[in-house]
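*Asks:* Handing you a structure now.
The values are calculated or read from the model by the stated rules, or taken from the named source; none is laboratory data. Note that this is a predicted model, so its numbers are computed, not measured. Every residue, glycine as well, gets a Cβ built from its backbone with ideal geometry; the counts of neighbours run over all protein chains shown.
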Amino acid sequence: MILLSLPQKLYISFAILGGLIVILLLWILFYKNFYKRYRLKKAVGYTLYRYSNLNDYLLLNDYRVHIDDKHIGHIEHILISNKFIIIINDFQISGVISGEYGAEQLKLTTKKGEELIANPLNYNRNLTRRVALFNDLDNNFLKGIVVVNDDSVIDITGIPNQFKICTKKQLKKVIAEFDKEDVKPFKEETVIRFINLLNENNAPGK
């Protein structure tokens, strides 16, 4: 049997306690980020569900579209309003988001400082165009929306009318602005054709 001195016992006890504290902090950080992401996703889904029901629109969730022969892109939601097919993806982003619309990266400023992040508008735009391509749709029928956390401030220049980035609480307003555009509403048979095309071309995935 090995006998440990009091200082050795204290050292081992503090080492074990310190390790447990580190594990606990890492778990809290992971859970906090996961919950924040889950909360945004759930809130966006619920907002779209209610909006589509109130306006008699059609909503598709968890849609997959081919990017190329090897890659498949994931779309959180597709909302078919009376005038447009709207591609919607949410991103767990909090802070001041600034930069140019077509840039590869945007600047995110938080209390921790500044960092560069991949431009979510590019991802959304690419998926929107792929939906048009693989479903043989007129690109003018499609719109794209990127949704970020409500504690974000958006300062991005040069965004065209076809695409928007907004916070969750601004989402309904942005969709309503699309529907105010002076274009001819879809006929019922046109909407049915869109639904059939999208369902037929939904890429396989888990």
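*Asks:* From I87, I67, which residue is within 20 Å of N122 (Cβ to Cβ), β-branched (V, I, T), out of contact with any His (no Cβ under 9 Å at 6 or more places or on another chain) and modelled with pLDDT of 65 or more?
*Replies:* I67
*Asks:* A further question on this structure: Output the residue which, of all residues in the stretch 103-131 that are among the small types (G, A, S) and more than 17 Å from N89 (Cα to Cα), is nearest to the chain's Cα centre (by Cα).
*Replies:* Result: A103.
*Asks:* Just need a number here: residues in the stretch 70-80 that are free of Cβ contacts under 8 Å to residues at least 24 places away in the same chain and in contact with a His (Cβ under 9 Å, 6 or more places away or on another chain).
*Replies:* 0
*Asks:* Restricting to the stretch 89-115, and then to whatever is out of contact with any Leu (no Cβ under 6 Å at 6 or more places or on another chain) and among the β-branched types (V, I, T), can you tell me which residue is surrounded by the most Cβ atoms within 10 Å (Cβ to Cβ)?
*Replies:* I93
*Asks:* Of everything in the stretch 51-68, what is farther than 14 Å from K83 by Cα and in contact (Cβ under 8 Å) with a residue 24 or more places away in the chain? Give them in sequence order.
*Replies:* Y51, L60, Y63, R64, V65, H66, I67
The rows are residues; the columns are (1) of a type in the set (A, V, I, L, M); (2) touching an Asp or Glu at 6+ places or on another chain (Cβ under 8 Å).
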| position | (1), (2) |
| --- | --- |
| N126 | no, no |
| R130 | no, no |
| D138 | no, no |
| S152 | no, no |
| Q162 | no, no |
| I165 | yes, no |
| K168 | no, yes |
| K172 | no, no |
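*Asks:* Counting only residues that are more than 23 Å from N199 (Cβ to Cβ), give me the strands (runs of 3 or more DSSP E) lying completely in the stretch 62-173 with at least 3 of them.
*Replies:* Those strands (runs of 3 or more DSSP E) span 96-100, 105-110, 113-118, 142-148, 153-157, 163-167.
*Asks:* With F134, F84 as the choices, which residue is closer than 22 Å to D62 by Cβ, more than 17 Å from the chain's Cα centre (by Cα) and surrounded by fewer than 18 Cβ atoms within 10 Å (Cβ to Cβ)? So that I can check it myself, show each step before the final result.
*Replies:* Working: F84 fails: surrounded by fewer than 18 Cβ atoms within 10 Å (Cβ to Cβ).
Matching residue, one of F134, F84: F134.
*Asks:* Based on what the data block shows, is L198 touching a Gly at 6+ places or on another chain (Cβ under 8 Å), part of a helix (DSSP H, G or I) and either basic (K, R) or surrounded by 20 or more Cβ atoms within 10 Å (Cβ to Cβ) (or both)?
*Replies:* No; evaluated as a whole, the condition is false for this residue.
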